[in-house]
Amino acid sequence: MKRFRWDAAVGLLGLALLLVGSYLGLFEAPAERHMGDVQRIMYVHVPTAWNAMLVLTAAFIFAIASVWTGKPKWDAVMTGATEAGVVMGALLIAQGMIWARPTWGIWWDWDVRLTTTLIMVILYAGILVLRSFVEDSDRRATWSAVAVIIGYVDVPLVYFCVRWWRSLHQIQSTPETVSSAMIVPLRINSFAILFIAIWFVAQRARLELARRRAEEVAPPPRRDRRQAEETNP
Amino acid sequence: MNERRRRVIVTLIALAVSAGVLGYLAFGGIGENLVYYWSPTELKASGEQAVGASIRLGGLVQPGSIERDPDGLKLRFSVTDGVESVRVAAETVPPAMFREGIGVVVEGTLRTDGWFETHRLMVKHDNEYAAPGEGQELDMKELMKSMQFDESDA
């Protein structure tokens, strides 16, 4: 029998909240006075941005714990958080482009915010690729954790670049610059996506631990042996 | 014990590299080489140097400066930073958000006659989102903040 896990409850709560928040954002909140309905993409775009940076910050902390202690559980949650960050980063860029075309008049431009965000997604996707190339599980954990720690440099840059340098992308809004009627769906969807992200990270971490256990029981064939098998079947 | 020590050293080196790179980017003055757009004042101050080069100009659309050709193909307006303004000739369809007082970034070249010619007109939205009827008055000084001219000049 399958056990019902705590993270599934968190994830389902997240999905329910996403329905409520998106309903309020799409049907109850007013259309923006100049942008009209296009602005409503904000109700997923901004929560996605916050949570992408949040899970990557979690990945950074898990990476420190992973190299520091060498415990497989930290490597597993780091992998989950990194993967969630890549998925959310890619969604973030897609949502942003859909909003940008009618608002800015263009799909893309190389301003600091857009460029650093793209670097973030490519960087963390690269770390996941790196992992898949390392067969030794201890080395894989150390190398990818070091890469996550160094790669994290880009995440505060994504956040602060719009304040430090001129950009096409606007700086962060505050409750004073956003109509009060828009704040409630924004907050609900932020928690919704956070809960879904926690679900994703927990599931992925469990999968990573299971994979590692499977490797210990039946280690993958060593490269030299595999090559020998390929030449002499 | 040796293994433990190695782990601590690897962690500290990774953190040091991370902090070093971020510190360099934040305080290393890289921003001076990373100007996404010029203000009209900066463009005028650079004089002949700016003519002909492919650059971006940013500022607010001066109220009352928008002229459209009867055939609808040409658009002329002034971009201002509150001190100087530059006349812009655009041969492009502007996004629906284009209007008086909004921030724009235009990519193109400065002509010898002082006009800025562009084929790529981008609207720079500020960080305000309002319901219809909220805050209708046009406050150019307040709007100018979104162009970040002061921060970048500092």
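Being β-branched (V, I, T) and not in a loop (DSSP other than H, G, I, E, B) holds for only one residue in B:V83, B:V93, B:V88, and it is B:V88. Within the stretch B:40-60, the set of residues being not hydroxyl-bearing (S, T, Y) and not in a strand (DSSP E or B) comprises B:P40, B:E42, B:L43, B:K44, B:A45, B:G47, B:E48, B:Q49, B:A50, B:G52, B:A53.
Residues that are within 11 Å of another protein chain (Cβ to nearest Cβ), without any contact (Cβ under 8 Å) to a residue 40 or more places away in the chain and outside any loop (DSSP other than H, G, I, E, B) within the stretch B:97-120 comprise just one, B:R120. Once the stretch B:12-40 is narrowed to residues that are modelled with pLDDT of 80 or more and within 20 Å of the chain's Cα centre (by Cα), the residue that is farthest from the other protein chains (Cβ to nearest Cβ) is B:P40. Scanning the stretch A:81-110 for residues that are among the aromatic types (F, W, Y) and in a helix (DSSP H, G or I) turns up just one, A:W99. Restricting to the stretch A:118-173, and then to whatever is of a type in the set (K, R) and more than 19 Å from A:R211 (Cβ to Cβ), can you tell me which residue is farthest from the other protein chains (Cβ to nearest Cβ)? Checking each candidate, the answer is A:R163. The single residue among A:I119, A:I98 that is surrounded by fewer than 21 Cβ atoms within 10 Å (Cβ to Cβ) and closer than 13 Å to A:V155 by Cβ turns out to be A:I119. If I filter the stretch A:142-163 for residues that are in contact (Cβ under 8 Å) with a residue 24 or more places away in the chain, surrounded by 17 or more Cβ atoms within 10 Å (Cβ to Cβ) and part of a loop (DSSP other than H, G, I, E, B), do I get at least one hit? Yes: one or more hits. Of all residues in the stretch A:177-193, those satisfying the criterion of being of a type outside the set (G, A, S) and more than 9 Å from chain B (Cβ to nearest Cβ) are A:I183, A:V184, A:P185, A:L186, A:R187, A:I188, A:N189, A:F191, A:I193.
Using the structure shown, decide if A:M78 is buried (at least 21 other Cβ atoms within 10 Å of the Cβ) and part of a helix (DSSP H, G or I). Quick ask: steps written out before the conclusion?
Details: buried (at least 21 other Cβ atoms within 10 Å of the Cβ): yes; part of a helix (DSSP H, G or I): yes.
Yes.
For the stretch B:36-58, filtered to residues that are within 17 Å of A:V162 (Cα to Cα) and out of contact with any Phe, Trp or Tyr (no Cβ under 8 Å at 6 or more places or on another chain), the residue that is surrounded by the most Cβ atoms within 10 Å (Cβ to Cβ) is B:Y37.
Any chance the stretch B:60-74 includes a residue that's of a type in the set (K, R) and within 14 Å of another protein chain (Cβ to nearest Cβ)? No, every residue in the stretch B:60-74 fails to be of a type in the set (K, R) and within 14 Å of another protein chain (Cβ to nearest Cβ). In the stretch B:77-94, the residues that are on the phi > 0 side of the Ramachandran plot reach residues that are surrounded by fewer than 17 Cβ atoms within 10 Å (Cβ to Cβ) with C-beta atoms within less than 9 angstrom, at least six apart or across chains, in these pairs: B:G82/B:M140; B:G82/B:K141.
Okay, residues lined up against (1) touching a helix residue (DSSP H, G or I) at 6+ places or on another chain (Cβ under 9 Å); (2) under 21 Å from A:W165 (Cα atoms):
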{"site": "B:E67", "(1), (2)": "no, no"}
{"site": "B:G72", "(1), (2)": "no, no"}
{"site": "B:D81", "(1), (2)": "yes, yes"}
{"site": "B:S85", "(1), (2)": "yes, no"}
{"site": "B:G103", "(1), (2)": "yes, yes"}
{"site": "B:R111", "(1), (2)": "no, no"}
{"site": "B:F116", "(1), (2)": "yes, no"}
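Residues in the stretch A:13-31 that are crowded, with 20+ Cβ neighbours inside 10 Å and within 14 Å of B:A131 (Cβ to Cβ) were compared, and the one that is nearest to the chain's Cα centre (by Cα) is A:G25.
Restricting the search to the stretch B:1-18, which residues are loosely packed, with under 14 Cβ neighbours inside 10 Å and either in contact (Cβ under 8 Å) with a residue 40 or more places away in the chain or under 27 Å from A:M120 (Cβ atoms) (or both)? Residues satisfying the conditions are B:L12, B:A16.
The values are calculated or read from the model by the stated rules, or taken from the named source; none is laboratory data. The model shown is predicted, which means the values in this text are computed figures rather than measured ones. Using ideal geometry, Cβ is built from the backbone for each residue, glycine included, and neighbour counts are taken over all protein chains shown.
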